[in-house]
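In what follows, a single structure is set out as structure tokens and then discussed.
The values are calculated or read from the model by the stated rules, or taken from the named source; none is laboratory data. These numbers come from a predicted model, not from an experiment. Methodologically, a virtual Cβ is constructed for each residue, glycine included, from the backbone with ideal geometry; neighbour enumeration extends over all protein chains shown.
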Amino acid sequence: MSTPRLTKPTIAVLEVLLASTDDSPAWGLSICRDADLGSGTVYPILDRLAERGWVTSWKEAEPHPGRPPRRYYQLTGEGRASANAVLEARRKRRARLGFAGGVA
């Protein structure tokens, strides 16, 4: 499983996916909103993560009048472990270099 390029948008998407739960999975537009990114940025990132086996997705099963079904996205077990590992390594590297704050 290869590691995606850790751009700021990719990091933002990974953080949203890491924060989602089985009871409250992330869907496309919620990821856009929570990551503060446009759909033209988020969906290609999700596609790349899926190609690497980091993310799985499924379509909402029950119909909801007035809107199309949502597509939910979830990190796979290996994807979650890999995302945590690369983000932690990045945090440590940034701290060692003297950058304060989160992962940005």
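Laid out as a table, the results:
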item	result
Checklist (1) modelled with pLDDT under 95; (2) in a helix (DSSP H, G or I) applied to residue 15, failing item	(1)
Scan of segment 6-40 for residues that are polar (S, T, N, Q), farther than 22 Å from residue 88 by Cα and buried (at least 16 other Cβ atoms within 10 Å of the Cβ), ordered by number	30
Residue ID - nearest to residue 27 (Cα to Cα), chosen from residues in segment 39-80 that are assigned to a loop (DSSP other than H, G, I, E, B) and among the hydrophobic types (A, V, I, L, M, F, W, C)	61
